Amino acid sequence: MQQIALVDANNFYISAERVFNPAWKRRPLACLSNNDGCLVSRSNEVKDAGIPMGAPYFKVRAQLEDINAVIVSSNYTLYGNMSARVMEVLGQFTPDVEVYSIDEAWLDLSGFCHLSLDAYAREIAATTYRHTGIPVSIGIAPTKVLAKIANRICKQRKIPGQVFNLGSADSLDDVLASIEVQDIWGIGRRLSKKLQATGIHTAKDLRDADPDSMRRQYSVVMQRLILELRGVPCIGLEDIQPKKQIISSRSFGQRVEELEPLLQSVAMHATKAGEKLRSQGSACSAIQVSIRTGRHNPDEEYYSQSALARFPIPTADTRKLINAAGQALRRIYRKGRRYAKAGVMLLDISQANAMQGHLFQERDSEKAIALMSAIDQLNRIYGRRAVFFASEGCSKQWAMKRERMTQAFTTRWEDVPVVR
């Protein structure tokens, strides 16, 4: 029988910060989003104080001060590197690892059923913490959807050893009956309301629904969810479709008026989007650039505009993306505006190895593909922007505000902690 483990880092951003600041281990700690706007990660102490996820910082500042909380800006360089270290440790325990997000990974443990999976998973959790300082929770089940549920239970009930194997549960029915339908992986808020209106309130209710009827009423995705809840694997490792759109956008740390910094911004977003595009083996046929001013200043007229640039043949070459994005931006830029946000979106995405040819245009050359691959590899090894395009600019006065960011402890020599 297939056995899937979902490994999820506990409060990942918070845990990464605490690795290099041990004095914060018993203090309330919260991480802020881009431009120090909202709370995106909270320690258990902050959660217990009733401060919600996503709350605007200015609204909960007094509450945070009351509990003597430490507030930091998001340090994505640190989190990315710590995530890579966690995934490297997980790879020592099974060859089948699928990185699902910065703090989650699926492990196929089917080949280890001759061992005690609970004990093996506890060893994974203990080794990960010993090697990285990051605590993880592990849920084990025959399918991904059930493994998600097992992981959720492991965290909520604070299972000793940080491992919960759904196969070891006394009653699977009781476990599924305790899970609200909106908490099932793949069920969104809108869909959960529809299901509740038909009398489906828990994971057990959904599991017991007729899969064929539900497929006709909703989609094949719903049928797969029901089968997964019944222990029938329908979603395999790496069975995730490439994204059909890739978006990169961000608000500026301060308003931008001139064209040049806007060009740098869209070049940076085009570079990020291009990396994501190549990471899923895709190419795109169009890029859309958007800019807008602030929404809430009554003294300024709101301006929001976007422009589309198409490629005659799909490309994954960042140089082409930057060039097209710059031309599109020039079409919509209006002098005298105070811009608050810019971004790009890649559209008409297809697999790079299955593109239709063009009679008069050449696809990305082997030399260009090799160059992009080399840039991506260097940035993976030596950190983001180890190699970057000059059009992105060197000094970004418009960059997002991160006034409380900790050091890049693992990727910058001058920030490496000193042991005395």
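The values are calculated or read from the model by the stated rules, or taken from the named source; none is laboratory data. A quick note: this is a predicted structure, and the numbers were derived from the prediction, not measured. Note: ideal-geometry Cβ built from the backbone for every residue, glycine included; neighbour counts use all protein chains shown. SASA here: full protein model, heavy atoms, side chains in, ligands and nucleic acids out. Shrake-Rupley method; radii C 1.70, N 1.55, O 1.52, S 1.80 Å.
Of the residues that make up region 229-247, is at least one outside any loop (DSSP other than H, G, I, E, B), free of Cβ contacts under 8 Å to residues at least 40 places away in the same chain and either hydrophobic (A, V, I, L, M, F, W, C) or over 30 Å from ILE184 (Cβ atoms) (or both)?
Going through region 229-247, the residues outside any loop (DSSP other than H, G, I, E, B) turn out to be 229, 246-247.
Subsequent filtering for residues that are free of Cβ contacts under 8 Å to residues at least 40 places away in the same chain retains none.
No, there is no match, as no residue in region 229-247 is outside any loop (DSSP other than H, G, I, E, B), free of Cβ contacts under 8 Å to residues at least 40 places away in the same chain and either hydrophobic (A, V, I, L, M, F, W, C) or over 30 Å from ILE184 (Cβ atoms) (or both).
Pairing residues of region 1-23 that are free of Cβ contacts under 8 Å to residues at least 60 places away in the same chain with residues that are in a strand (DSSP E or B) and not β-branched (Val, Ile, Thr), at Cβ distances under 6 Å and at least 6 apart in sequence or on separate chains, gives ILE14/LEU29; ILE14/SER41.
For residues in region 133-153 being surrounded by fewer than 21 Cβ atoms within 10 Å (Cβ to Cβ) and not small (Gly, Ala, Ser), which is nearest to SER41 (Cα to Cα)?
Here is the first cut: in region 133-153, the residues surrounded by fewer than 21 Cβ atoms within 10 Å (Cβ to Cβ) are 133, 135, 142, 152-153.
With not small (Gly, Ala, Ser) added as a condition, the list becomes 135, 142, 152-153.
Numbers: PRO135: 15, PRO142: 30, ARG152: 17, ILE153: 20 Å.
Ranking the candidates gives PRO135 first.
One residue stands out in region 369-387 among those that are modelled with pLDDT of 80 or more and either of a type in the set (Lys, Arg) or crowded, with 17+ Cβ neighbours inside 10 Å (or both): the one that is farthest from VAL266 (Cα to Cα), namely ARG380. Pairs, please: C-beta under 6 Å, at least 6 apart or cross-chain, first residue open to solvent by less than 40 Å² (accessible area, probe 1.4 Å) and in region 80-100, second of a type in the set (Phe, Trp, Tyr)? Sorted first by the residue in region 80-100, then by its partner, the pairs are GLU98/TRP106. Of all the numbered requirements in (1) modelled with pLDDT under 90; (2) within 18 Å of the chain's Cα centre (by Cα), LEU6 misses one, and that requirement is (1).
Residue-wise test of (1) buried (at least 23 other Cβ atoms within 10 Å of the Cβ); (2) of a type in the set (Asp, Glu).
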site	(1), (2)
LEU259	no, no
ALA267	yes, no
GLY274	yes, no
HIS296	no, no
ASP299	no, yes
GLN305	no, no
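Going by the structure shown, is ALA340 open to solvent by less than 60 Å² (accessible area, probe 1.4 Å), of a type in the set (A, V, I, L, M) and within 30 Å of TYR57 (Cβ to Cβ)? When the stated conditions are applied, ALA340 passes them. Of the residues making up region 104-124, those that are touching a residue at least 60 places away in the same chain (Cβ under 8 Å), over 20 Å from the mean Cα position of the chain (by Cα) and closer than 20 Å to SER83 by Cα are ASP108, ALA121, ILE124. GLU180 meets each of the listed conditions (1) at pLDDT below 90; (2) within 28 Å of the chain's Cα centre (by Cα) apart from (1).
Output the residues belonging to region 6-39 that are touching an Asp or Glu at 6+ places or on another chain (Cβ under 8 Å), assigned to a strand (DSSP E or B) and either open to solvent by 10 Å² or more (accessible area, probe 1.4 Å) or among the aliphatic types (A, V, I, L, M) (or both). Across region 6-39, the qualifying residues are LEU6, VAL7, ASP8, ALA9, LEU29. Note on region 40-151: enclosed helices (runs of 4 or more DSSP H) holding 1 or more residues that are small (Gly, Ala, Ser) and at negative phi are 57-66, 76-90, 117-132. Could you grab me the full set of residues in region 153-174 that are in a helix (DSSP H, G or I) and within 28 Å of the chain's Cα centre (by Cα)? Passing the criteria: ILE153, CYS154, LYS155, GLN156, PRO160, GLY161, GLN162, LEU166.
Quick check on region 262-282. Is at least one of its residues part of a strand (DSSP E or B) and out of contact with any Lys or Arg (no Cβ under 9 Å at 6 or more places or on another chain)? No, every residue in region 262-282 fails to be part of a strand (DSSP E or B) and out of contact with any Lys or Arg (no Cβ under 9 Å at 6 or more places or on another chain). The residue list ARG310, ARG334, ARG330 contains one member that is assigned to a loop (DSSP other than H, G, I, E, B) and open to solvent by 40 Å² or more (accessible area, probe 1.4 Å), which is ARG334. Figure legend. Inter-residue proximity from region 393-420: first residues modelled with pLDDT of 75 or more, second residues open to solvent by 40 Å² or more (accessible area, probe 1.4 Å) and not in a helix (DSSP H, G or I), beta-carbon distance below 7 Å, spacing 6+ or different chains. Indicated pairs: PHE409/VAL416; PHE409/PRO417; ASP415/GLN407.
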